[in-house]
Each structure stands twice: as C-alpha cells, then as structure tokens.
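Peer 1: First the structure, which I've put down as structure tokens, then a few questions once you've had a look.
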Amino acid sequence: MIQGEKLELTQEWDKVFPQSDMVEHEKVMFVNRFGITLAADLYKPKHAAGKLASLAVSGPFGAVKEQASGLYAQTMAERGYLTIAFDPSYTGESGGHPRRVASPDNKTEDLSAAVDYLSCRDDVDADRIGIIGICGWGGIAVNAAAADTRIKATLASTSYIMTEVGTKGYFDSEDSVEQRMQARRAFSAQRTADYRTGEYLRAGGVVDPMPEDAPQFLKDYHDYYKTPRGYHERSGNSTDGWNVTSNIPWANTNLLQFAHEIESAVMVLHGEKAHSRYMGERIYEKLQGDNKKLLIVEGASHCDLYDGGGKDAIPWDAITAFFDKNLK
C-alpha cells in the first residue's frame, strides 16, 4: 500500500451520535493520488467472517466524519456492510495544507482513494464496493461513479450539485454572465489579498445567531450544525467554513458532465420539502438506464436526511435494499 504522512487521530468516541454495540470500530488512514493522507472511521459488523461488501461514505460538504457520514456508515455496518466514513482532504483529521481547501478534483479523488483502500483489504470483496455521498457530496459521488468503474452502486442523499450552486447560485438566482463575472472579480481580488497577507480568508460556517427572517433551510442548517444535535469542533460548517477562494473551481466546472454515461446503479434520495430537491431531481434526470432510482421521502427537509430529523426520516430499509440488490 502507498504510505503517507502519519496522522495523530483522536481515539475516544467523539461523534454526534451514540456508538453502536453491534459493530466494531477503529480509526484507519489511507492516501489519495495527490499524496494526502486521509483519516477515516471504519465500522465492521461484529462476528463478520469472509469478504464483505463495503461502502465509503462522506459528506455533507463542510462536515466531518463525526457527523452525518459517520451515522450512515455505522448504520450500514449494523446492516452487514464494512464501511468507512472519512474526512475529506484538507479537513477534519485528514492531512493536506493549507486547510479547508475544496475543489471538484480533490474531493472526487478522495472517494476513489477510499475505494483504493477498501479494494486492498483482505476482508472486503473488491467487486462489491459502493459509495454514499451526502449533501454536496451527493453530486461529488455521482461524478466519482462516472469516473471510477470499480464503484458498483452509488447513493446520492439530499444532494447539492456544488458546481451549479457555484455557477448559478441557489435556485438559479445568479445565472447570468454579469453575475458570474462579478463573482470572478471578487475571487480574483481575494487571491491577491490572501497572498499579500499570507493567510487564506475563511468564508464562515453557518451563521450564528441566525436572523429571525432567514429562510427556513438556513434555520435548519443552524439547528443541525450549531446545536448539540450536530455541532462538532472540527466541522467547517459548525465553525469558520471553507477558504473563500475554494469557491473558484466550483464556479468553473460541470460536475455532472458525464453522469449520463454511468453504467452502475445509482439511487437519488431526497426530501419532499428540501430546498435542494431540485438538485437531486436534476441529477436523476441526467442518469440513464433501468438501474437508476429516485426516492422522495414524504415530509422530509434537507437536513432531516442528515440524521433522521427526530422523525426517522432516513429510509434505511430502502437504502439497504438498494445496496443489497446491486452489491450482491
């Protein structure tokens, strides 16, 4: 295996969800193609034997493995899968400098690097590997599935298409040449300012306190990232966010360029009341083949699919059935 830097990982349980007594848990590391060492939590069903189907999980965008991705990974391990939830490069406990850098290439690469790692484990069936991307990682997961044929099944849950947000704004509200040029001028000026000061300006995480007249979806983000429900000290969304200049590549890329060429199975999962539902539906519209599925969860908001929202909104049985069928 490729060797990377040695990371000092927290060994105590510091997740925002309870530890399951049905799975074994350990910290692991692996290296991506850019030479960055990634930190991950590995979950394995207790008393499992032989080679298992496996899942790599990441997201939401700006979150860490102690939040929603870890819950997804642990729950799927309870259901028989060997899983890893990892911190993306430049974030959380993973390596990479400067910190809080994001671009379509390094985040897509992180998922394929997770597949590299799983493929080389003795307890994993390399022909039965799937991925789960949550929120902004939903679109990233679809991009990874388009590029990496080792991925046999993909779940895009409560997805954002980060390049559409970057090029068009929320709800396509900034979809004009002049608005894009205005953003490019601001990003270009920020690059100069960062280089001059020697520091990368952070964009800020979820606003706190949240204005009373803020849109409901922003209040939902606050309810997750800024309260004991989902707050974590290493999470950018819970603290000071990404570097401002990390927006540059998302505003100059089409993340779903080859989504229509994906041959493997894809399930798009979204909440009926999610502000981001239109992005999940756009992903699904680009997919082709009878192994593609769209599931809309009645009454669910965007953040309800992070942790269930206190109403068991995540359809675990449907998710398990999807992977059981396509990773058999």
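Here, each number is a calculation from the coordinates, and none is a lab measurement. Not measured: the values here are computed from a predicted model. Positions of Cβ are generated from backbone atoms using ideal geometry, with glycine treated the same way; all protein chains shown enter the neighbour counts.
Peer 1: Please name which of MET22, ILE314, MET279 has its Cα lying farthest along the dipole of the chain towards the positive end, using unit charges on Cβ (Lys, Arg +1; Asp, Glu -1) and the Cα centre as origin.
Peer 2: Positive-end residue among those listed: MET279.
Peer 1: Quick one: dipole size for the range 10-90, taken about the Cα centre, charges +1 on Lys/Arg Cβ and -1 on Asp/Glu Cβ, in debye to the nearest 20. Write down the numbers at each step before the final one.
Peer 2: On the way: 8 positive and 9 negative charges, 70 e Å.
Here the size comes out at about 340 debye.
Peer 1: Arrange the following residues from fewest to most other Cβ atoms within 10 Å of their Cβ: CYS120, CYS303.
Peer 2: Details: CYS120 12, CYS303 28.
By the 10 Å Cβ count, ascending, the order reads CYS120, CYS303.
Peer 1: Given R₀ = 56 Å, FRET efficiency for PHE217-ARG33 by Cβ-Cβ distance, to 0.05?
Peer 2: Working: r = 34 Å, r/R0 = 0.62.
It comes to 0.95.
Peer 1: Follow-up question, since we're still on this one. Round to the nearest 10 and give me the degree value, 0 to 90, for the angle of helix 68-78's Cα axis relative to the longest principal axis of the chain.
Peer 2: Between helix and principal axis, roughly 10 degrees.
Peer 1: Give the share of C-alpha pairs in each 10 angstrom bin for the range 74-140, from 0 to the last occupied bin, in whole percents, shortest bins first.
Peer 2: Bins of 10 Å from zero give 18, 49, 29, 4 percent of pairs.
Peer 1: Say R0 is 30 Å: what FRET efficiency, to the nearest 0.05, do ALA147 and GLN179 get from their beta-carbon distance?
Peer 2: Values: r = 30 Å, r/R0 = 0.99.
Efficiency, rounded to the nearest 0.05: 0.50.
Peer 1: Ok, one more. Taking 0.36 nm per residue of sequence separation and subtracting the Cα-Cα distance, how much length would be gained by fully extending the chain between ARG99 and ALA126, in nm to one decimal? Could you put the intermediate results ahead of the total?
Peer 2: On the way: separation 27, 0.36 × 27 = 9.72 nm, distance 3.18 nm.
Gain in length upon complete extension: 6.5 nm.
Peer 1: Given charges of +1 on the Cβ of Lys and Arg and -1 on the Cβ of Asp and Glu, with all other atoms neutral, how large is the dipole of the range 137-263 about its Cα centre, in debye to the nearest 20? Please report the intermediate quantities before stating the final value.
Peer 2: Details: 13 positive and 17 negative charges, 80 e Å.
With Lys and Arg at +1 and Asp and Glu at -1, about 380 debye.
Peer 1: So, one more: For TYR231, TYR72, what's the fewest-to-most ordering of other Cβ within 10 Å of each Cβ?
Peer 2: On the way: TYR231 16, TYR72 29.
Fewest to most other Cβ atoms nearby, the residues stand as TYR231, TYR72.
Peer 1: Continuing with this model, one more query. Within the range 153-308, what percent of beta bridges assigned by DSSP are antiparallel, to the nearest 5? Could you put the intermediate results ahead of the total?
Peer 2: Numbers: 1 of 12 bridges.
Around 10 percent of the beta bridges assigned by DSSP in the range 153-308 are antiparallel ones.
Peer 1: Here's something else I'd like to know. Across every pair of different alpha-carbon atoms, what Kirkwood hydrodynamic radius in Å does the chain reach? Kindly include the intermediate steps, with their values, before the conclusion.
Peer 2: Working: mean 1/r = 0.0505 Å⁻¹.
Every distinct Cα pair counted, the radius reaches 19.8 Å.
Peer 1: Now for a different question. If the cut-off is 16 Å between C-alpha atoms, which lysines fall inside it for LYS325, apart from same-chain ones fewer than 8 positions away?
Peer 2: LYS152, LYS292, LYS293
Peer 1: Once you sort the root eigenvalues of the Cα gyration tensor of the range 153-309 as a ≥ b ≥ c, which label holds: rounded (a/c under 1.5), prolate (a/b larger than b/c) or oblate (the other case)?
Peer 2: Numbers: a/c = 1.96, a/b = 1.25, b/c = 1.57.
Because a/c hits 1.5 or more and a/b fails to exceed b/c, the range 153-309 counts as oblate.
Peer 1: In the range 1-134, how many lysine pairs have Cα atoms under 21 Å apart, counting only pairs 8 or more places apart or on different chains?
Peer 2: Taking the range 1-134 as the scope, the lysine pair count is 15.
Peer 1: Can you order the peptides 278-289, 7-18 by their average number of other Cβ atoms within 10 Å per residue, highest first? The partial results should precede the final answer.
Peer 2: Values: 278-289: 18.8, 7-18: 12.4.
Top to bottom by mean Cβ count within 10 Å: 278-289, 7-18.
Peer 1: Between GLU24 and THR197, how high is the FRET efficiency from 1/(1 + (r/R0)^6) when r is the Cβ-Cβ distance and R₀ = 41 Å? Nearest 0.05. Intermediate values should be presented prior to the final figure.
Peer 2: On the way: r = 46 Å, r/R0 = 1.12.
Step by step, r from the Cβ atoms, then E = 0.35.
Peer 1: Something else: Arrange the following residues from fewest to most other Cβ atoms within 10 Å of their Cβ: LEU327, LEU218, LEU118. Write down the numbers at each step before the final one.
Peer 2: Values: LEU327 19, LEU218 14, LEU118 28.
Final ranking by Cβ density, sparse to dense: LEU218, LEU327, LEU118.
Peer 1: P(r) for the range 44-117: what percent of alpha-carbon pairs falls in each 5 Å bin, starting at zero?
Peer 2: Answer for the range 44-117: a P(r) of 3, 17, 25, 23, 16, 9, 5, 2, 0 percent.
Peer 1: Same structure again: In the neighborhood of VAL268, defined by Cβ-to-Cβ distances under 12 Å, what is the net charge if each Lys or Arg adds +1 and each Asp or Glu adds -1? Numbers along the way, then the final one.
Peer 2: Numbers: positive: ARG277, ARG282, LYS286, LYS292, LYS293; negative: GLU281, GLU285.
The answer is +3.
Peer 1: Hey, another quick one. May I ask which residue of ASN252, PHE323, LEU294 lies farthest towards the positive end of the charge dipole of the range 251-328, with charges of +1 (Lys, Arg) and -1 (Asp, Glu) on Cβ and the Cα centre as origin?
Peer 2: Final value for the positive-end residue is ASN252.
Peer 1: A further question on this structure: Each label point is 7 Å from the Cα along the Cα-to-Cβ direction; what then is the distance between the points at GLU8 and LYS51, in nm?
Peer 2: 3.9 nm
Peer 1: When DSSP assigns beta bridges and you keep just the ones with both residues in the chain, what percent turn out antiparallel, to the nearest 5? It would help to have the intermediate numbers written out before the result.
Peer 2: Details: 14 of 40 bridges.
Close to 35 percent.
Peer 1: Further question on the same structure: For the range 84-210, list log₁₀ I(q)/I(0) at each q in 0.11, 0.14, 0.18, 0.23 Å⁻¹, using the Debye formula over Cα point scatterers of equal strength and ignoring solvent, two decimals each.
Peer 2: -0.51, -0.79, -1.13, -1.39
Peer 1: A further question on this structure: Under a point-charge model restricted to the Cβ atoms of Lys and Arg (+1) and Asp and Glu (-1), what is the dipole moment magnitude of the chain relative to its Cα centre, in debye to the nearest 20? Before the final figure, lay out the partial values.
Peer 2: Values: 36 positive and 47 negative charges, 109 e Å.
It comes to approximately 520 debye.
Peer 1: What is the mean projected area of the alpha carbon convex hull for the range 9-142, to one decimal in square nanometres? If you can, show how the numbers build up before the last one.
Peer 2: Values: hull surface 29.5 nm².
Reported value for the Cα convex hull: 7.4 nm².
Peer 1: Let me ask you something else. Could you work out how far the C-alpha centroid of the range 227-259 sits from that of the range 132-165, in angstrom?
Peer 2: About 14 Å separates the Cα centre of the range 227-259 from the one of the range 132-165.
Peer 1: If the elastic network links every pair of Cα atoms under 10 Å, which of GLY80, GLY299, GLY310 fluctuates the most in the Gaussian network model of the chain?
Peer 2: Residue with maximal mean-square fluctuation among GLY80, GLY299, GLY310: GLY310.
Peer 1: Right, next: Taking the chain as a Gaussian network, Cα atoms linked when under 10 Å apart, which of ASN32, ASN291, ASN243 shows the biggest mean-square fluctuation?
Peer 2: ASN291
Peer 1: For the range 219-288, what's the radius of gyration and Dmax over Cα atoms, in angstrom?
Peer 2: 15.9, 41
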